[in-house]
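Worksheet: the structure to be examined is printed underneath.
The values are calculated or read from the model by the stated rules, or taken from the named source; none is laboratory data. Since this is a predicted model, take the numbers as computed values, not measurements. Cβ coordinates were reconstructed from backbone atoms using ideal geometry, including for glycine residues, and neighbour counts include every protein chain displayed. Surface accessibility is based on the protein's heavy atoms, side chains included, excluding ligands, DNA and RNA. Shrake-Rupley method; radii C 1.70, N 1.55, O 1.52, S 1.80 Å.
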Amino acid sequence: EARDIWANTVGLNHQSYAKSLQYLAQLYTLKGESGKAEALFLQAKGIFEKTLGKDHPNYAAAVGGLSRLCRSTNRIAEAAPLFLELNGIIRRLIENSASYFSEKEMLTYLQTYQEDLARLHSFSQINPTREFIRGSFDIALFYKGYLLENARHLARFVAQADSLTRDTFDRWQGCKRRLANEYAKPIAERGYVAALEAEAEVYEKTLTRKLPAFGEARRAPRWQNARDRLRTGEAAVEFIHYRYYNPEETDSVMYAALVLLPEDTCPHFVPLCEQRPLDGLLREKYPDKRYERTRGGNSLYSLLWQPIEPLLAGVHTVYYAPGGVLHSVNLDAVMLNLRGDSTLIDKYKLVRLGSTRQLVAPFTAKIAGKDAVLFGGIRYESDSTAIHRGNGAATLGSSMDGLPEPSDSLRQISVFPYLPYTLKQVEFIRQLMGQKKFTARMFTGFSASEEAFKHFADSASASGSSARVLHLATHGYFFPDPKSSERRGKRGFGNEPFFRISEHPFLRSGLVLAGGSHAWSRGLGSKSFKASVEDGILTAYEISAMSLPNTELVVLSACQTGLGDLSGNEGVYGLQRAFKIAGAQYLIMSLWKVPDEATKDLMTAFYRNWLDKKTNIPAAFRDAQLEMKKRNKDPETWAGFVLVQ
C-alpha cells in the first residue's frame, strides 16, 4: 500500500519509491518469498543507481540486501560479486566521511557497517576463493586501527601546515585539556562540558578538511603493498574476529588468521576458533596455566598457532597484529611443548603491530636528542604537606631520593602500597643513561606527582619537542565497561568511585602518581588537599590530550597498562591508545600484574641491552625476555610485558 502511494505521489523513478521497494523486499526475504524479494531489490537497485549513483548508502543497502538474499538461497556464484561490490562501496563511503566527521562520529559510522563486514569475512571462511581472501586482507588493512592512525597522522601533518591550521590544532588540544580537567571533577561540579565537546568537534572537523595530505595518508594500502615489504624468511599475520553468519547470524564470534608470505600471489585465510574457548583460557588466574600446552583439549597453541604453523616453514620473523581478545595475549609465551621450556619466542622473532599496514607506512618519531624522564619510588599516601612541597620541587626538575620506606602503619592507611623496587629500577636506569650521555630527570617520592608529569608534557607541547624516553614505574589501573558489568546503571560516588563506572574508557584506565590514594579511596574527582594540587590519578584521557612528537619510547612499568575496552576493529581503548595518539612510537606495557622484583630485573636487562649493547629497541626487549626466561620459565615473571609499535 505504501509502495503504491509513493508511486502515485513521486513517480516510479524517485528514491523514495525505491526505498519503499527495498523495505518490501526485506519483508518478503523474512517471509521466505525470495522470488518476489529479488525482483524488488533489483528494481530498487536500478532506481538508486540512476538517481543517486553507486557511491550512496541507499545503493549500498540495496546491494547488501541482494547479496544476502543470494547467499541465503545458496547461489554462491551470484552472491560473490555482490559482496565484493558492497565492500568497495562501503570503503569509499568511509573514506569520504572521514574528511568531515569527527572521531566520535566516525566510530559510530563504522559500527553501522560491522554486520556487512562480518558477513564478508564469514563468506570468505565458507567460500575461500582467492578473490575473497584478498578482499578480507584488504578489509583488515583498511579497518584495523583506522581511527587511531588518523589521530596519529593528524598531529604530524599539522606540524607542517600553515599558522592558521596550527592555531586551530592548538585550540582543539586546548579544548581537550579543558575537558580532561572537567572530567576529573565530580559530575555536579562540572561546567560547560557539552559546549566544550561541541567546540572540540568543530575544530577537529575543520582540521580534517584543511589537510588534504592528511586525507591522502589515510588511504589504506592493499595486500600486495604489505607483501612487497616482506623479505625471505618473514611473514605477516593479521588476526581478525567477526560475528559468524551461515547464512544468518549465529551466536559465535570467530577468529581467523590472514597469513601473507613474500612469494604469495594471494594471502592465506586460516579459520582458527570461536571466542568461547579463548575466554575460558584467559580467565585462568595464573599465566602458566593460560599458556601451557596440554595433551588434550584446548590450549592457546592448538587454537591460535598450530593451524597456521604449516605455512611458516622457513620463517624466522613474524609481524602480527592481534584482534579482539588477542590483544591481551602475549604470543611469545605460547608453549610449544608439554614441559613448558620451549615457547614461540624461542622459535620466532615476533613483532607486534597495531596493523600490518604499518609494514607499508611505519609510524616513527622524530628522534632529536638523548633525554629521558623517569618516575619511580612514588609515595601514594595522603600527605598534603609533602605533596605540596614535592610539587614545588618537581617543577624545577629536582628529585627526592633516599626517602625511607613507609612504616607499617602508613602501609595500612594507604590504598596503594609503596613499590621499593621501582626506586631501584629508575636509579639504575638513570645511572646507566648517565654513562651513555643521556640527560635523565628523575622524579621520586612526593615529587613524582601529576603536576610534574603535566609540567613536562606542557613544556614539550610549547617547545614542539618531547623527551626521547618516558619511563613510569608505578601502579596502573583498568576497569571494564560498566555497561557489561553488574555495576551498570550506578552513577554516584560512595562505594563506586567515578573512575570505575565512567562510560568513557579513557577515564577507566590510567596511572597512579604521588598522593593518588586520596582520590582513589574517595573516587576520581574528589577534592584535593589544595585547590592547586592535582588528584594524583593520571587518566588515559589526560594523556591523549598531550603532545609527545619526539618520544621514541614510553615504558609503563606498571600492572595491566596494556588493557582497556575493546572496540571493534579499533583495538584497545586505554593507555596504549592514549600514548599513541600523543605521538609515542614504541610502548612497553603489561598484560597482568607482574611481580615488582621481576619487573625491575626485566627493565634493567632491557635498558642494558639497548644502551650498552646498542641494539634496537625491539631486539633489546626480546633479548631481555629471553634472559629472564632462562632464569625462570614461568611466563608470569618474563612475559607479562609486551612491546607495541
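Residues in region 1-44 that are touching a Lys or Arg at 6+ places or on another chain (Cβ under 7 Å) and of a type in the set (A, V, I, L, M, F, W, C) were compared, and the one that is most open to solvent (accessible area, probe 1.4 Å) is 24.
The numbered conditions (1) open to solvent by less than 30 Å² (accessible area, probe 1.4 Å); (2) at pLDDT 95 or above; (3) of a type in the set (Phe, Trp, Tyr) are all true for residue 319 except (1).
If you go through region 175-197 and pick out every residue that is assigned to a helix (DSSP H, G or I) and either over 22 Å from residue 508 (Cα atoms) or at pLDDT below 75 (or both), you end up with 7. Would it be correct to say that residue 94 is of a type outside the set (Ser, Thr, Tyr), open to solvent by less than 40 Å² (accessible area, probe 1.4 Å) and farther than 18 Å from residue 225 by Cα? Considered against the rule, which asks whether it is of a type outside the set (Ser, Thr, Tyr), open to solvent by less than 40 Å² (accessible area, probe 1.4 Å) and farther than 18 Å from residue 225 by Cα, residue 94 comes out as yes. For residue 53, the conditions (1) open to solvent by less than 30 Å² (accessible area, probe 1.4 Å); (2) part of a helix (DSSP H, G or I) all hold with the exception of (2).
For residue 605, are the conditions met, namely being out of contact with any His (no Cβ under 8 Å at 6 or more places or on another chain) and at pLDDT 90 or above? Yes, satisfied.
Scanning region 150-182 for residues that are open to solvent by less than 20 Å² (accessible area, probe 1.4 Å), more than 12 Å from residue 545 (Cβ to Cβ) and not aliphatic (A, V, I, L, M) returns 150, 152, 165, 168. Scanning region 246-269 for residues that are under 29 Å from residue 74 (Cβ atoms) and open to solvent by 20 Å² or more (accessible area, probe 1.4 Å) returns 246, 247, 248, 249, 250, 251, 253, 254, 265, 268, 269. Of the residues making up region 416-447, those that are of a type in the set (A, V, I, L, M) and either surrounded by fewer than 18 Cβ atoms within 10 Å (Cβ to Cβ) or in a helix (DSSP H, G or I) (or both) number 5. Might you let me know whether region 305-321 holds any residue that is among the polar types (S, T, N, Q) and touching a Phe, Trp or Tyr at 6+ places or on another chain (Cβ under 9 Å)? Yes.
Is at least one residue of region 448-459 within 28 Å of residue 544 (Cβ to Cβ), of a type outside the set (A, V, I, L, M, F, W, C), in a helix (DSSP H, G or I) and at pLDDT below 70? Yes: region 448-459 contains one or more residues that are within 28 Å of residue 544 (Cβ to Cβ), of a type outside the set (A, V, I, L, M, F, W, C), in a helix (DSSP H, G or I) and at pLDDT below 70.
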